[in-house]
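Before any comments, here is the structure.
The values are calculated or read from the model by the stated rules, or taken from the named source; none is laboratory data. Computed from a predicted model, the values in this text were never measured in an experiment. Cβ placement follows ideal geometry from the backbone for every residue including glycine, while neighbour counts extend to all protein chains displayed. Ligands, DNA and RNA are stripped out before the accessible areas are found, and what is left, the full protein with its side chains, is counted by its heavy atoms. Shrake-Rupley method; radii C 1.70, N 1.55, O 1.52, S 1.80 Å.
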Amino acid sequence: MAELATIARPYAEALYKATAGSADATLGWLAPLAAVAGDARLQEFASNPKVGVQQVFDLIAGLVPQGLPDTGRNFLQTVLENGRLAALPEVAQQYRALHNASSGAADAVIQSAFPIDDAALSEVTGVLERRFGRKLTARVEIDPALIGGIRAVVGDEVLDTSVKARLEQMKAALIA
């Protein structure tokens with residue numbers, strides 16, 4: 001949604017400037033905070049006019065698994081006071097994009113039909129880093145429809161070596 005992206009941008013940029021020296025640590029608390037804030041039930045609770053900002057703050061701060069540092073608590077308080085709780089997941093996404101851009105890295109989504117153990121993930125990530133020419137932060141998603149192989153998405157680039165993709169290529173060749 002373009003509106004949320006527009007709302008989130010100044011928050012992400014301000015947070016990035018304020019935490020430039022500790023961006024990795026900030027991502028450590030911002031991602032779980034965004035996950036909690038993105039919950040539909042929490043959004044509904046926060047939008048209730050009978051619920052105060054402090055109640056919402058206490059609930060969210062209590063739900064973040066490892067707790068929030070002072071910077072995180074101040075950031076959350078500012079977001080809540082300005083009524084921008086719904087934009088928090090987008091803020092986290094834009095913050096990650098700013099961090100990646102400054103460090104020359106990118107996020108990679110590796111889709112696989114089966115779970116990938118840590119050693120195989122490390123090997124696949126190494127191959128993908130050489131292929132895409134940048135440092136990658138890999139995340140694995142399980143998609144049984146792929147049948148086998150993997151599908152890697154890095155930004156707007158896709159590398160699909162799945163059995164499903166190969167079967168579709170064969171089908172297209174046979175029909176042509």
With Cα coordinates, the longest principal axis of the chain makes an angle with the long axis of helix 88-103, in degrees rounded to 10, of 60
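Counting pairs of alpha carbon atoms under 8 Å apart in space and at least six apart in sequence, what relative contact order in percent does region 30-119 give?
Details: 47 pairs, mean separation 31.1, N = 90.
Contact order relative to length: 35 percent.
Assign unit charges at the C-beta atoms only (+1 for Lys and Arg, -1 for Asp and Glu), then state the dipole size of the chain relative to its Cα centre in Debye, rounded to the nearest 20.
Details: 16 positive and 20 negative charges, 45 e Å.
Dipole magnitude for the chain comes out near 220 debye.
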Restricting to Cα pairs below 8 Å that are 6+ residues apart, what does the relative contact order work out to for the chain? Please round to a whole percent. 21
Out of Leu59, Gly28, Pro49, whose Cα points farthest toward the positive end of the dipole of the chain (charges: +1 Lys, Arg; -1 Asp, Glu; placed on Cβ)? Gly28
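For the chain, with every protein chain kept in place, what is the accessible area per residue (1.4 Å probe, Å²)?
Values: 10390 Å² over 176 residues.
In whole numbers, the chain has 59 Å² accessible per residue.
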Within straight-line cross-link reach of Lys50, lysines at Cα separation under 29 Å, skipping those fewer than 8 residues along the same chain: none
For the chain, give the share of DSSP beta bridges that are antiparallel, in percent and rounded to the nearest 5; count only bridges with both residues there. 55
For the chain, with all protein chains present and a 1.4 Å probe, just round the carbon and sulfur fraction of the accessible area to a whole percent. 55
For the chain, what is the calculated [θ] at 222 nm in deg cm²/dmol (nearest 500), taking -39500 (n - 2.57) for each run of four or more DSSP H residues and dividing by its residue count? -19500 deg cm²/dmol
Ile150 long-range amide H proximity, modeled H, under 5 Å: Thr161, Ser162
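Could you give the size of the charge dipole of region 133-176 about its Cα centre, using +1 on the Cβ of each K and R and -1 on the Cβ of each D and E, expressed in debye and rounded to the nearest 20?
On the way: 7 positive and 6 negative charges, 27 e Å.
Computed about the Cα centre, the dipole is about 120 debye.
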Can you list residues from other chains, or at least 5 along the same chain, whose modelled amide H is less than 5 Å from the amide H of Thr137? Ala106, Asp107, Ala108
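How charged is the neighbourhood of Arg73? Take every other residue with its Cβ under 13 Å from the Cβ of Arg73, and add Lys/Arg as +1 and Asp/Glu as -1. Please report the intermediate quantities before stating the final value.
Details: positive: none; negative: Asp58, Asp70, Glu81.
Residues near Arg73 contribute -3 overall.
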Can you give me the angle between helix 53-63 and the longest principal axis of the chain, using Cα atoms only, in degrees from 0 to 90, rounded to the nearest 10? 40
